[in-house]
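A short write-up of the structure that comes next.
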Amino acid sequence: MALLDVTKSCIDSIKQISEHIKDAILYLDSGCTESFQLIGAFPVLLELGVRAVCCLENMSPLDSVVDWNSNIDPMRKMVVMTSRLLSDAHRYIVRCLSASYGIRHCAIFTSISEIAHSAYTDSPLGPDAFHEYETLLLQDYEELVRKRQTKSGQSEDTGFQKRLTFEDDGWSHLTSSEEDTSTFEASSSGKDFYKEDVGQELVVSVHHFPMILCPLSPRVFVLPSEGSVAEACLSVEHEDSLSPVLPPIGTGLFSDGDDVPPGAILTAHLIYHLASKMDLKMEIFSLGDLSKNVGKLLTDMSSLYDVGRRKRTAGLLLVDRTFDLLTPCCHGDSLVDRMFSSLPRRKRTAFYAHIKGSQSRAKLGSSSVQRSPVEVQIPLAKILSEEDSKLDDSRLQGNIEAFLRGWDAYNSSSEVVDLSLSSEIELLSGSFVSTENFRGTPYMEALLDRRMKDGTVLIKKWLQEALRQENLTVNVRSRPGSATKSELQAMIKALAKNQSSLVRNRGIIQFATAALAALDESHSARWDAFISAEKMLHVSAEDTSQSLAAQIGDLINKSCLVGSHDQKTRKMELSSRLLSFKDALLLTVTGYILAGENFPTSGSGGPFSWQEEHFLKEAIVDAIFENPSEAKFKFLHEQQYNDMQLKLELQDRVDNLFKFLHKVSGLKRKNIPLRDSAFGSDSHFHGDSYASKGLLYKLLMKVLAKSDVPGLEYHSST
């Protein structure tokens, strides 16, 4: 059986649009940037002849600099690639077009299909979505050109962007922060682009590009965190909803068309077109209400569009995350998990989405879910010598400042350009690239299922092999079967000393540097503290509810140093404290899940007695009230509240928190047929190793063994 390679499919999809992107300025939104970084697409884009790669949301006046080279023809093509709905990306597309003079062809590639645009509740586009959008974009662009003609005698940079509000056609306008763009008119280049625009027509085309994914390895991928699919709600607001980010608690019923969450619609269309791109026919199985709705949508689409087509058959198993919330809350012995936890993530890009109306918003709740970006920032600067790092940063910063001053020299106001650019960018930071490999084996794929010790030892072997190939030696004491921070650091520095060696071995250097971050005491100690706390919760859960409640309360109290008023003592305790108040709240969720599994109750109450729960509520209120800076709640610093009002407000919010915890603890009762019948009494699967695995692992073992799984639904294909 041939294995699928998602990374290769993504790269191949980019190559298939080479005619569009050759000699073009390419604008990527944040979701595409996240995807292309992980698949290593940027060298491919340059090989295909892209003039420049720019940020769609943060269009810069420097984007047009690439066209100043007199040895190449002026740019006539602009390509936009977005992981969002066209209506959400519209304002940014128009803004880029308005600043890019001389553009004759604009091609837009979106990961959201034309059918999904028409099916999505918040999209203003109909069944012929792509053609409709082409017409709307041309209308807006032509209106801007006409305004240039009538206002050509006025200063465009003071009024042009302010007129870009889209009030007449129903598109949301830019906020004031977006309107304040710096002077990007091309007058400093000595070219009169305005005259070239007159009488010229813009050709717009919209295409579907489904392969905007974030592969961690050839066979493991996630969705871009800042794309429309990942940000769409997975549940509507009702009593069975835990959070917009999670599927609802199962009721065993299908949702009708009006009640299907936006996330289910977009997810179904994404899976369908992904399978179609890979020439797969899916045999669909689902477990959970949301998964059943997605499976039904997929089956309906297959019935309509796949008749008579020959494809390879593949099984698709859809499972609601709410069947097992315990596993993602826990901290296992995984090197990859530790690396992602230890490394800083790229900051989310400020994005202002189109809002169609209040009616659907009131029904479906919040329009988007905020997820952390998958893209990490690996601190490569720390492995280089401090002197070289400071020298390079200083020289680059000076060059940027000199260029910006020259760019703004024509400005009559003689205002100093904001030179904070270099302070916002980590000049020497890296990120994971799924195509980086050791002798054909991708690094990330080899590390995904490795424990901390095994993974670091494997990285050490890769470094040793790289040193042998570079004919380099490192004078460091090494023990077989283990890898220390000092060993890895010495080998990384040796490989990075020479620029050519650094480039050749950039993949292993970045993964090894990420492992260093995970090995750092500040990160490893906190992760180990989580593991220890979770073990204590599991032990207490096997005892009594009183014991578990006391354990949860102790974790909350310790996290915020309640009762410690001496500043010197507080400082000493703070330096030794490993788990924050936020960490304690996560452990509280874990404790309630365990309580629901071990001390189930009937009715609407939680798993603990009133006295036990009152003790936990008071612990949380006291912890926040004693240390408001640790809790980071803005309302705690508002002047209109006195101490009594603050405590009452806190108690109300804590009560709402415990309503959520009651839902979490009640998941056990909802999933009894699956958990008990499927996994509790099967003699074929037993032992400590199997018992410690998460529900998804056990489910896959059942499916692969062709055992019956209660509640698993098969969606018959055509």
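The length gained by stretching the chain between Ser118 and Glu237 to full extension, at 0.36 nm per residue less their Cα-Cα distance, is 40.5 nm. For the set Asp259, Asp652, Asp289, the ranking by accessible area, highest first and with no ligand, DNA or RNA atoms included, is Asp652, Asp259, Asp289 under a 1.4 Å probe. Each peptide in 213-224, 538-549 was scored by the mean count of other Cβ atoms within 10 Å over its residues; highest first, the order is 213-224, 538-549. Three principal axis extents describe the C-alpha atoms of region 434-498; from largest down they are 31, 23, 15 Å. Cβ-Cβ distance of Gln370 and Lys453, R₀ of 22 Å, FRET efficiency by 1/(1 + (r/R0)^6): the value works out to about 0.05. Take the Cα of Val203, step 7 Å toward its Cβ, do the same at Ser303, and the gap between the two points is 4.1 nm.
The distance between label points at Asp652 and Leu502 comes to 5.6 nm (points 7 Å beyond Cα on the Cα→Cβ vector).
Full extension of the chain between Ser18 and Arg310 gives 102.4 nm of extra length, using 0.36 nm per residue less the Cα-Cα distance. Each label point was placed 7 Å from the Cα along the Cα-to-Cβ direction; for Gln149 and Val476 their separation is 6.8 nm. The Ser486 and Arg348 beta-carbon pair, evaluated with R₀ = 35 Å, returns a calculated FRET efficiency of approximately 0.50. Too long at a 18 Å Cα-Cα cut-off: which of Lys668/Lys698; Lys292/Lys663; Lys582/Lys668; Lys617/Lys659? Those over the limit are Lys292/Lys663; Lys582/Lys668. Among 468-477, 656-665, 584-593, the peptide with the highest mean count of other Cβ atoms within 10 Å heads the list, and the full ranking is 584-593, 656-665, 468-477. Highest-first packing order for the peptide set 314-321, 436-443 is 314-321, 436-443, based on the mean count of other beta carbon atoms within 10 Å. Once all protein chains are placed together, Glu114 keeps about 60 Å² accessible to a 1.4 angstrom probe. One decimal place: the segment Thr441-Glu626 gains 61.4 nm when fully extended, by the rule 0.36 nm per residue minus the C-alpha distance. Taking every protein chain into account, the 1.4 Å probe leaves His238 with about 80 Å² of accessible area, to the nearest ten.
The values are calculated or read from the model by the stated rules, or taken from the named source; none is laboratory data. The structure displayed is predicted, hence computed values, not measured ones. Every residue, glycine as well, gets a Cβ built from its backbone with ideal geometry; the counts of neighbours run over all protein chains shown. Calculation scope for accessible area: heavy atoms of the full protein, side chains included, ligands and nucleic acids excluded. Shrake-Rupley method; radii C 1.70, N 1.55, O 1.52, S 1.80 Å.
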